[in-house]
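The values are calculated or read from the model by the stated rules, or taken from the named source; none is laboratory data. Only a predicted model underlies this, so the values are computations on that prediction, with no experimental measurement involved. For neighbour counting, all protein chains shown are included, and Cβ atoms are generated from backbone atoms with ideal geometry for every residue, glycine included. Only protein heavy atoms, including side chains, enter the accessible area calculation; ligands, DNA and RNA are left aside. Shrake-Rupley method; radii C 1.70, N 1.55, O 1.52, S 1.80 Å.
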Amino acid sequence: MAKTPRLRPGFRFQWEPVQNAHVLLYPEGMVRLNDSASAILAEVDGQRNIEQIVARLEQKFPEAGPLAVDVCDFLQDALQQHWVILT
Amino acid sequence: MMPVNDQGVGPPLWLLAELTYRCPLQCPYCSNPLDFAQSKDELTTDQWVSVLRQGREMGAAQLGFSGGEPLVRQDLPELIAEARHLGYYSNLITSGIGLTDAKVDAFRDAGLDHIQVSFQASDPELNNAVAGSRKAFEQKLAMARAIKDAGYPMVLNFVIHRHNIHQMSDIISLCERLGADFVELATCQYYGWAFKNREGLMPSAQQLELAEREVNDYRRQLGDSGSAMKLIFVTPDYYEERPKACMNGWGSLFLTVAPDGTALPCHSARLLPIEFPNVSTQSLRSIWYDSPGFNHYRGDQWMPEPCRSCDEKGKDFGGCRCQAYLLTGNADNADPVCDKSPHHDRILAARRAADHATAGLEDLTYRNANNSRLFFRS
Ligand code: SF4
Ligand code: SF4
């Protein structure tokens, strides 16, 4: 929880109006993200640690309840896909 | 869901800008048209900028700068900056010849996201023989390092054929030493010069099997060591019984603009007997949605048998139109890679030929202006 995720170099997260979705762009590839993945990645700025990210999301989406498990699951997956790195 | 128009056509998410056919190398598997030297016109900087703007407005997010060798265009930094400004993820696809440390840095500062360097082999002798250039290999190594140092993701591409397919392990270990993030081991696709040279390039079934084993073993090792290097092995469809879903469907995601402004649904479609529109006389939007060229093979109404009544047509769209044309003379036909195609024997014959091929590198037709002139249409 004290670790800080950041996007792997060469990966870019951005809003695509035509697709009406956030996407992750990387060398010759693109993934369209669902709402929860987008909400989490939007908080990944290479400064905030996981704990801070969880706190911010819980504040943003109070109706969602505790989010630590969801965020960790997603980051675990993103790590495995090598989309993000932890420092 | 992706937004689509009334006809079910979605936006072109990928734009490939083939900036020029000029290239200092002579790869015998080059995907450029055989008669490339006949087409000397190139779009101006302003025209390219307009193409980029229109494409982005329509939804293109991935942009490739390729060629020929895109580095010979003096306005490349300008185009890169425009691409970044518009919000593209931009990829430079280069042989590395003509690249310098200063350019690598300048492109990064202009906003380029990624540089892909293509190699011809894992050792200088073979690399330089295939590329038709004596200093290519050293230059490529130096540039691969410069790209890494500049903080780009490193993507290395090797075109695989019968003369380098035995080098899989060497190639992968070279990539590992260089610190590559992605490695594409792409077996030749037989269009353009590669089709002309197919007999001299196509690996045998036995060579392919060995190579696949080597790649899989290496992949396992990388997985065990937790390496983030990703190996992508594109196997040749001549050894499949079902065709690839070419370009994910004609005019569904990809839009290529050739050096002279001809807009194509894929970079080899120029060889088809179809008239394609040009960006200098038509807007990209009307090209993509309305032109007969782009609508020609959309949907499945155009399909003859066996595709017409096949329950897999939604999966592979009948395969590749260019391959159908090159191998059967009619681009409407099922891709002969499919074992339901009445022309599948052409693929089987090519496999048999690959078992007995003896041609050396010196027997290949190299991609250069002199050889290109032999293919001019009068
Ligand atoms: S494949 Fe080789 S010859 Fe063709 S454009 Fe690329 S580097 Fe040049
Ligand atoms: S018959 Fe046509 S649609 Fe069916 S699998 Fe073969 S190529 Fe694909």
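Computed values, structure above
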| quantity | calculated |
| --- | --- |
| Test result for A:Pro66, within 14 Å of chain B (Cβ to nearest Cβ), assigned to a loop (DSSP other than H, G, I, E, B) and open to solvent by 50 Å² or more (accessible area, probe 1.4 Å) | no |
| Selection status of B:Gly151, touching a Pro at 6+ places or on another chain (Cβ under 8 Å) and either open to solvent by 10 Å² or more (accessible area, probe 1.4 Å) or more than 26 Å from A:Val23 (Cα to Cα) (or both) | yes |
| Residues satisfying the stated conditions in the range B:252-285, i.e. free of Cβ contacts under 8 Å to residues at least 60 places away in the same chain and either farther than 17 Å from B:Leu52 by Cβ or in contact with a Leu (Cβ under 9 Å, 6 or more places away or on another chain) (or both) | B:Ala263, B:Leu264, B:Pro265, B:Cys266, B:Ala269, B:Leu272, B:Pro273, B:Ile274, B:Glu275, B:Phe276, B:Pro277, B:Thr281 |
| Unique match (being under 21 Å from B:Cys30 (Cα atoms) and open to solvent by 10 Å² or more (accessible area, probe 1.4 Å)) among B:Asp123, B:Asp113, B:Asp170, B:Asp181 | B:Asp123 |
| Filter result (open to solvent by 30 Å² or more (accessible area, probe 1.4 Å), within 14 Å of another protein chain (Cβ to nearest Cβ) and in a helix (DSSP H, G or I)) within the range B:54-110 | B:Gln54, B:Arg56, B:Glu57, B:Arg84, B:His85, B:Leu86, B:Arg108 |
| Filter result (touching a residue at least 12 places away in the same chain (Cβ under 8 Å), part of a helix (DSSP H, G or I) and within 20 Å of the chain's Cα centre (by Cα)) within the range B:197-251 | B:Arg198, B:Glu199, B:Gly200, B:Leu201, B:Asp237, B:Tyr238, B:Tyr239, B:Cys246, B:Met247 |
| Selection count, the range B:273-311, where residues are assigned to a loop (DSSP other than H, G, I, E, B) and more than 16 Å from ligand 2 (Cβ to nearest atom) | 12 |
| All positions within the range B:211-226 that are of a type outside the set (D, E, K, R) and surrounded by fewer than 15 Cβ atoms within 10 Å (Cβ to Cβ) | B:Asn216, B:Gln221, B:Gly223, B:Ser225, B:Gly226 |
| Unmet criterion (only one of (1) modelled with pLDDT of 95 or more; (2) under 20 Å from the mean Cα position of the chain (by Cα); (3) hydroxyl-bearing (Ser, Thr, Tyr)) for B:Thr45 | (2) |
| Check on B:Leu284, open to solvent by 30 Å² or more (accessible area, probe 1.4 Å), away from ligand 1 (no atom under 16 Å from the Cβ) and either more than 18 Å from B:Ala17 (Cα to Cα) or within 14 Å of another protein chain (Cβ to nearest Cβ) (or both) | no |
| Checking B:Val9 against (1) within 14 Å of chain A (Cβ to nearest Cβ); (2) β-branched (Val, Ile, Thr); (3) within 18 Å of B:Ser133 (Cβ to Cβ), the condition it does not meet | (3) |
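To keep it simple, each residue is scored yes or no on (1) away from ligand 1 (no atom under 16 Å from the Cβ); (2) touching a residue at least 40 places away in the same chain (Cβ under 8 Å).
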position: B:Asp41; (1), (2): yes, yes
position: B:Asp46; (1), (2): yes, no
position: B:Val49; (1), (2): yes, no
position: B:Ala61; (1), (2): yes, yes
position: B:Leu71; (1), (2): no, no
position: B:Gln74; (1), (2): yes, no
position: B:Arg84; (1), (2): yes, no
position: B:Asp101; (1), (2): yes, yes
